[in-house]
1. Could you tell me the distance between the Cα centroids of the stretch A:60-105 and the stretch B:103-156, to the nearest Å?
2. With label points built 7 Å along Cα→Cβ from the Cα atoms of A:TYR235 and A:VAL90, find their separation and express it in nm.
3. Between B:LYS186 and B:GLU20, take the C-beta separation as r, use R0 = 60 Å, and let me know the FRET efficiency to the nearest 0.05.
4. Long-range amide H contacts for B:SER221: which residues qualify at under 5 Å (H placed 1.01 Å from N, peptide plane, sequence gap of 5 or more or a different chain)?
5. Return the distance in nm (one decimal) between the two label points of a simple spin-label model at A:ALA43 and A:ALA212, each offset 7 Å from Cα along Cα→Cβ.
6. Could you give the length gained on full extension between A:LEU101 and A:ALA27, defined as 0.36 nm per residue of separation minus the Cα-Cα distance, in nm?
7. Which of A:ILE41, A:ILE18, A:ILE120 ends up with the largest GNM mean-square fluctuation for chain A, with Cα atoms connected below 10 Å?
8. Of the GluC sites (Glu not before Pro) in the stretch A:120-199, which ones lie in a loop per DSSP and count no more than 16 other C-beta atoms within 10 Å?
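Nothing in this text is a laboratory measurement; each read-out follows from the coordinates by a stated rule. Quantities reported herein were computed from a predicted structural model and do not represent experimental measurements. With ideal geometry, Cβ positions are generated from the backbone for all residues, glycine too; neighbour counts draw on all protein chains shown.
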Amino acid sequence: MKWARAVLPPVVVGILAIVLWEVTVTAGRIAPFILPAPSAIWAQFVEQRQNIWEAALASGTNALIGLIGGSVVAVLAAMVSSRFRPLSEVSIPFAAVLNALPIIALAPILNNMFESTSSIPRRLVAAIIVFFPVFINTLRGLREVSPLHQELMHTYAASGWTFAVKVRLPGSLPHVFTGLRQASSLAVIAAVVAEYFGGLQNGLGSRITSAAAFTAYPRAWAFVVGACLLGLVFYLTTLLLERLAMPWRSRLIA
Amino acid sequence: MTAVSVSSVSKIFNQGRTDEVVALSDIDLEIKTGEFVSLIGPSGCGKSTLLRLIADLIAPSTGTITVAGKTAGAARKEQAYGIAFQQAGLFEWRTVLKNVELPLELRGLSRAERKAKASEMLALVGLEEFAGHYPAQLSGGMQQRVAIARALAVQPPLLLMDEPFGALDEMTRERLQSELLAICAKTGTSTVFVTHSISEAVFLSNRVVVMSARPGRITASIDISLDSRDEAGRQSPHYFECVTSVRQALRGSPLKSAS
């Protein structure tokens, strides 16, 4: 019952929106290059499912490698920064600059730095985009150690390293996952968008641009749906990992 | 044997600045092995500061402190004391058992030894069936009992407690007082107990040390010898006499010379 009440409203609204969309497009005679009907997109989606799957696999791999690489570097950087206060004061503006870098500006430059058959530029773009939310949130979490825990560890004569591993890191996990949740969707967007600017053309981004270039708009939209699903898979996987990593939280909900 | 020896200790915060505060001045205190001593006084009298000095969480401005014959710093590094605060301060991501195991982990005990010892301590505070729970699933009183079990885990010769029952309701508090006494009797631990409750101090202690504020100093030291520390003890005339003399000492009237 409770489950149905949580799931039903968004599903109903979603179906209504699609029906409304379909009716508007067909009744209003809207040209497909402005907005194709959902039925046309669905037909393309079914027809192109093999291509969508392969492109999503390529983009997903890039996004995943970027996400993991960027997150690992971000967590390590946050740990180092939290240990040395002056460093964290220097690193935050530095990270903010990195965050302000638009992928649109970065992707073409990175594409030129590597061979055209290289997957590295797209993965780098994803990693750079992922870095900031994970770094900032982790740093905040690492800094928020209760003074009581600090004193307790002091009375146990715990070393700085022990303290970091046993108290700071587990205590910061909720913050780390806040960052990862943002980062997981961003990684997919970055991996897809990076392909708009050249480089190896085997992912969702290049399929969207090429379909649009051939004025095959329903096909372009079918790949957009694929990108959307890929982002959703990343986000939900992160949520699942969050549950698994923090049993003390999920156990309370149950 | 002396468990704790504090001699001519003073503590000045922000020394040499305009907001300088003399928290403690000229403190001398000897605590014998196995003795239960309460520190009582108005807020701001430095009783918590004194406890933290003994715990080597802060350093004295002048004077020396020894714990079990060693300097306070050396005693801390050997985990020669267990400590509990007003807040339980459990680690929310660790189960109850793992919380109690933490000080043992840092001592480098093996997994099996840790588990055995921690389970024993949990049984002592009556929480063995909650070993697998997370702290947030327990009530405040249960969390405080876990904190006490954790403080006792390394079986320290000295137990330092800073208003550990301060945030609990009266019923829970009295039950935990009795439990604490039983544990101390069983383990032979010396205890320094900070409180602002006169009845609590009298019921628990062999000696109540009364302090006054600004500057914090010891104004009286009152020996308590209750025949029994149970419900009958709480009703006995001697208990009420002691409560009265502590109260008078706190007000700073007649008994001032008792120290």
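1. Cα centres, the stretch A:60-105 to the stretch B:103-156: 39 Å.
2. About 3.8 nm separates the two model spin labels.
3. Details: r = 45 Å, r/R0 = 0.74.
For B:LYS186 and B:GLU20, the calculated efficiency is 0.85.
4. B:VAL210, B:SER259
5. 2.3
6. Details: separation 74, 0.36 × 74 = 26.64 nm, distance 4.38 nm.
Extending this stretch completely gives an extra 22.3 nm.
7. Between A:ILE41, A:ILE18, A:ILE120, it is A:ILE18 that shows the largest mean-square fluctuation.
8. Values: sites: A:GLU144, A:GLU151, A:GLU195; in loops: A:GLU144.
Hits after loop and neighbour filter: A:GLU144.
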